[in-house]
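The structure appears below as structure tokens.
The values are calculated or read from the model by the stated rules, or taken from the named source; none is laboratory data. This is a predicted model, so every value here is computed, not measured. Here the Cβ positions follow ideal geometry from the backbone for every residue, glycine too, while neighbour counts run over all protein chains shown. All accessible areas refer to the heavy atoms of the entire protein, side chains included, with ligands and DNA or RNA removed. Shrake-Rupley method; radii C 1.70, N 1.55, O 1.52, S 1.80 Å.
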Amino acid sequence: MMMVVLLVLALFGLPLFAVIGLAAVLGYYDAGADPVLVALEFQRIGELPVLVALPLFTFAGVLLARSETPARLVDVTRALFGWLPGGLAILGLGLFALMTAFTGASGITVVALGSLMLPALLKAGYPERFSMGLVTAGSSQGVLFAPSLPLILYAVVAQQVAPGQGIRIEDLFLAGILPGLLMLALMAAWAMWVGRGQAADETPRPPIGRSLRAVAWELPLPFVVLGGIYGGWLLVVEAAVVTAAWVLVTVVVIRRELGLGKLAKVIAEAMMLVGAILVVLGMSMASTNIMIDTQVPQRLFEAVEPWLTSPWMFLLALNVLLLVVGMMLDIFAALVIMAPLILPIALAFGVDPVHLGIVFLANLQIGYCTPPVGINLFLASHRFDTDILTVYRSTLPFLGWLLIALLIITWWPALSLWLPGRMG
């Protein structure tokens, strides 16, 4: 009865954090525990030092998106690869992934880069529907690449649910590289097929030297941050500080593209995104603990074990479940709600938690482009003044290739685990 009431409240628009928090309060009350523990569990997120990285990476990403950096990246892409048939579409996918990885928000990529890349693709001779699908689906990529916020969030949740498994953020950063590249490669192959026989872009391209000088401050950033983490010179939190400071000095002090007034708006936008994530995460931690105390994951495992007789069957069922969840929930909400339930069951089936995290995120990033709540569909429809069904149909070929990549990622664990194993 309580679940039915909560579901009805959610359907009538009660905020997600309130639904989760109310479920936690009712859970503690039903278990005979003091509901005040919900507030204490919420307070515990302040004791997680790695969460400091969340607002810093978000601030740096939003600041980059609101500066002239996206335009400079598009210019250098056209300068270097505009002569190559299909090159603009392929390099556009790389730019989308880079922007989403740093902002942690696919919607920002659609708005910041999509409005620049779509006209460039159309001028290069690509069909309008293909170009719109590339921008919309391509902007969902990047979730599997460091320093993606969903990667960090999954690590935080997994560390709380399974503290003895040694799940490190650095391992997840490495684990996402090859699966993420696989998804990009399949989409790029489709772009090359569509662009076969197409003449190179004949529109005047910016000079290569000038374009490279224009991005001289931005280009070293991924190498400094990721090289610092994997070289052992920076912890994840320290890398977040370096990223935020680098972007702030570059955009505000050196380039002077944002004044103090606009900077305040950027900070507010970034912290609103972080605040929404932390409120849901805090309520989820309270709900997770009471579920663990009342052995909800164990009971779920006992219920599904007769039907799922192997880890592969479990992963197949998980893919179906997460694709449906991704259609209904935002990626951050889906992570904090589903990961605490699924992770103990996956461990019981012998699934590696790092591999599970990559499967989780590969599924949920597809949800950016699936109705009814795919945020990329709505933003692309609004930004490009096109009805949402047309946008959705334009993404279908790309979604097909992403589903093929998802099956490979799911049933080939070594693709995710090889790099973390090599790096120790």
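Structure data summary
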| read-out | value |
| --- | --- |
| Tilt relative to the chain, helix 413-423 - C-alpha long axis, 0 to 90 degrees, to 10 | 80 degrees |
| Acute angle (nearest 10 degrees) that the helix 353-366 long axis makes with the longest principal axis of the chain, alpha-carbon atoms | 60 degrees |
| Sparse-neighbour loop sites [chymotrypsin sites (Phe, Trp or Tyr not before Pro); the stretch 234-324; at most 13 other C-beta within 10 Å; DSSP] | 307 |
| Prolate/oblate/rounded label for the stretch 128-260 (Cα gyration tensor, a/c 1.5) | oblate |
| Rounded if a/c under 1.5, otherwise prolate or oblate - the stretch 228-343, Cα gyration tensor axes | prolate |
| Candidates 15, 35, 179, ranked by Gaussian network fluctuation over the chain, Cα under 10 Å, top entry | 15 |
| Residue of 133, 227, 94 that the Gaussian network model of the chain assigns the largest fluctuation, springs spanning Cα pairs under 10 Å | 227 |
| Mean accessible surface per residue for the chain, computed with a 1.4 Å probe while every protein chain stays in place, in Å² | 43 Å² |
| Whole-Å distance, taken between Cα centres, linking the stretch 379-413 and the stretch 44-75 | 25 Å |
| Virtual spin-label span in nm between residue 71 and residue 189, 7 Å along Cα→Cβ | 3.8 nm |
| Gyration tensor over alpha-carbon atoms, the chain, equivalent ellipsoid semi-axes in Å | 36, 24, 21 |
| Highest-fluctuation residue, 388, 375, 409 considered, GNM on the chain with Cα pairs under 10 Å | 388 |
| The chain - percent of accessible surface contributed by carbon and sulfur, probe 1.4 Å | 71 percent |
| Residue 422 paired with residue 237, simple spin-label distance in nm, labels 7 Å along Cα-to-beta-carbon | 3.1 nm |
| Kirkwood hydrodynamic radius (C-alpha pairs) into Stokes-Einstein, the stretch 341-388, 20 °C and 1.002 mPa s, D in µm²/s | 170 µm²/s |
| Label point distance in nm, residue 267-residue 312, each placed 7 Å from Cα along Cα→Cβ | 5.5 nm |
| Rg/Rh for the stretch 128-170, where both radii come from Cα atoms and Rh is the Kirkwood radius | 1.26 |
| Compactness relative to 2.2 N^0.38 Å, alpha carbon Rg of the stretch 315-415 | 1.14 |
| Estimated translational D of the stretch 378-424 in µm²/s (Stokes, Kirkwood radius over Cα pairs; 4 °C; 1.567 mPa s) | 98 µm²/s |
